[in-house]
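Read through the structure below, which is laid out as structure tokens, and then see the notes.
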Amino acid sequence: MRAIKCIANILTRNVKTISRSPKQIYPAATRNAEPILQILKKTLDGTKSRLQLLEVSSGTGQHALHFANNFPNITFQPTEFERSLLPSIAAYAEESKYGNLKEPLYLDISKPCLENQHGQFDYILNINMLHVSPWSCTEGLFRNSGQLLKPGGLLIIYGAMAVDGVLEPESNRQFDKSIRRQNREWGVRDVRDLQKEAAKYAISLRNMYDMPANNKMLVWAKL
């Protein structure tokens, strides 16, 4: 179980805490929020009302607030395994412009979860979790997405990825070696392995986008 605590983010040592506030800041989340938002604007429906998005591994809550403020028609449900981050997410939720960012929930994605909400979500979003969590979390993400998403719903994943056995550039290969030294269960995942896992739950890859800092954004659809 101790290994799963990596879900929050490997960059915790770079966290800044806002004075007299539970809010925390991950510099990486600040940098990648806008590039991710641009892909979300191509992917999420910005007009239909009462849409529901589940964010798995919300970290500090920075992303959740940034995205919720840009999609007033979507209700965002943040979640996190690392309990120490829940107050930060809640503090960001209080700043929601439209009241569409809910209080965070504790969630262990490696296990069956939110069973009372099966088929309720239009979107599931997961950022920078797969490479710094055990493979059981990847399995759980796809398994639970297969249960929680509506037919036609989308699973959106962001992070460092290998493609067909190739991990580029050299900086990503060094990053992969570094995190594997920290924990043998961690490592940059290959898209082809993700596709095999997704297929078990009738989830297929729709789009793959190259992102800044050698990351990728994968958009999957539940069939």
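Before moving on, here are some points about what is shown:
- Global geometry of the chain, whether rounded, prolate or oblate, following the gyration tensor of its Cα atoms and the 1.5 cut on a/c: rounded
- Sorted by Cβ density within 10 Å, fewest first, the residues T75, T30: T30, T75
- When I179, I36 are arranged by Cβ crowding within 10 Å, least crowded first, meaning fewest neighbours, the order is I179, I36.
- In terms of overall dimensions, region 161-223 has a Cα radius of gyration and Dmax of 12.8, 37 angstrom.
- Near K23, the amide H atoms lying under 5 Å from its own belong to I18; only residues 5 or more places off or on other chains count, and H is placed 1.01 Å from N.
- Beta bridges from DSSP with both residues in the chain: antiparallel share about 45 percent, rounded to the nearest 5.
- In this structure, the amide hydrogen of L125, modeled 1.01 Å from its nitrogen in the peptide plane, lies closer than 5 angstrom to those of L54, E55, V56, I156, counting only residues at least 5 positions away or on a different chain.
- Extended-chain gain in nm, criterion 0.36 nm per residue less alpha-carbon gap, L114 and R50: 21.2 nm
- Relative contact order %, the chain, counting alpha carbon pairs below 8 Å whose residues are six or more apart: 18
- Long-range amide H partners of R206 with built H, under 5 Å: V219, W220, A221
- Whole-Å distance, taken between Cα centres, linking region 185-223 and region 111-141: 13
Throughout, read-outs are computed from the coordinates displayed, never taken from laboratory work. These numbers were taken from a predicted model, which means no experiment stands behind them. Glycine gets a Cβ as well: all are built from the backbone with ideal geometry, and neighbour counts include every protein chain shown.
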